[in-house]
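Notes follow the structure.
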Amino acid sequence: MPKNWFQMSEQGAGAKRLILTKYIYLWFGEIPVRIIAFFVVLSVFITARERRKASEKFFKILNKKFVILHSFIQFLNYGNSLVDKFISFLGKLKPEKFELSNPEIYHGAFFITTHVGNVEILRTLFQIKNLDHPKRVNVFLQGSACERFNHFLNSLKLKLNIDAFPVEKVSAETSIMISDRLKDGEIVFMAGDRVSSENTNKVYEADFLNHKVAFPLGTLRFALMMNVPIYFIVCAKEGNKFKVYTEQFVSERTKKSEILHDLQISYVRFLEKYTLKYPHQFYNFYDLFQDK
């Protein structure tokens with residue numbers, strides 16, 4: 001039986017490896033880190049059979065030829081996106097590398113993210129660059145990733161107004177706190193395309209790339225409950241530039257159930273649009289399409 005993403009063992013970098021990579025970058029620069037990333041990706045590509053199979057299945061669904069080549073490019077892009085993330089967290093990513101439209105929307109808004117591209121780098125861009133940015137970015141991550149993320153941020157010893165929360169432990173107290181922060185002009189990032197390990201039954205099914213796929217309801221309900229502007233967001237890399245795409249969710253319905261249904265449809269359409277535009281930056285290395 002295919003595994004969900006949260007059932008698969010982590011083959012990414014642990015906290016100590018993250019810190020080691022930080023010092024390699026500071027001492028030797030970007031090129032050695034990218035060389036290391038290439039060989040790490042090559043090793044993972046060879047050994048991570050389930051992730052590779054899921055990737056190849058994705059490109060078969062897209063009717064690509066030479067799927068193993070497309071799959072390796074996807075893995076390699078992911079490795080390079082991690083390097084970009086490092087550079088961003090260290091404050092070395094220049095604002096001119098971004099095509100950031102509508103800067104006025106990044107205040108008091110809820111952003112439903114995707115695993116297309118590298119939206120994580122925006123978290124630090126808002127904090128350490130001289131831009132019109134929010135007071136604080138609130139991020140919801142899987143518990144283990146949240147712990148590593150917080151540990152790594154602490155190791156940087158930078159004053160970054162970023163708070164990370166485990167997505168599995170959203171309580172009434174968390175909701176009230178986030179609502180207050182949004183009213184104060186802060187923003188929230190929460191992924192809408194991965195089912196939480198704690199809420200496998202709270203899902204909805206939608207047509208995605210002509211297949212039935214399960215998506216989490218919790219993110220959408222949480223976003224609506226905050227009663228603030230909701231945006232979908234993707235940050236994809238084109239050459240040496242990062243293009244940020246946003247789309248505001250709007251519904252003319254009045255019933256909560258109908259608004260939620262509209263949000264489901266709108267989000268999946270947005271995800272599909274940018275998955276097709278950037279298939280090699282679709283970083284879901286598990287079997288989404290379990291109906292095939």
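The values are calculated or read from the model by the stated rules, or taken from the named source; none is laboratory data. Quick caveat, the model's predicted, so the values are computed rather than measured. Note that we place each Cβ from the backbone using ideal geometry, even for glycine, and neighbour counts take in every protein chain shown.
Can we say Lys92 is closer than 30 Å to Val188 by Cα, out of contact with any helix residue (DSSP H, G or I) (no Cβ under 6 Å at 6 or more places or on another chain) and either modelled with pLDDT under 80 or not in a loop (DSSP other than H, G, I, E, B) (or both)?
no
Assuming Glu186 fulfils every condition listed in (1) under 26 Å from Pro103 (Cα atoms); (2) modelled with pLDDT under 95; (3) charged (D, E, K, R); (4) over 20 Å from the mean Cα position of the chain (by Cα) apart from one, which condition is it?
All conditions pass for Glu186, except number (4).
Check region 145-164 and report whether any residue there is farther than 30 Å from Ala37 by Cα, surrounded by 19 or more Cβ atoms within 10 Å (Cβ to Cβ) and either modelled with pLDDT of 70 or more or not hydrophobic (A, V, I, L, M, F, W, C) (or both).
no
Checking Asn130 against (1) at pLDDT 60 or above; (2) in a loop (DSSP other than H, G, I, E, B); (3) of a type outside the set (Val, Ile, Thr): exactly one of these is not met. Which one?
For Asn130, the exception is condition (1).
Condition test on His261, is it surrounded by 15 or more Cβ atoms within 10 Å (Cβ to Cβ) and either hydroxyl-bearing (Ser, Thr, Tyr) or touching a helix residue (DSSP H, G or I) at 6+ places or on another chain (Cβ under 6 Å) (or both)?
no
For Asp84, all conditions in the list (1) at pLDDT below 80; (2) within 19 Å of the chain's Cα centre (by Cα); (3) not hydroxyl-bearing (Ser, Thr, Tyr) hold save one; what is the number of the exception?
Result: Asp84 passes all but (1).
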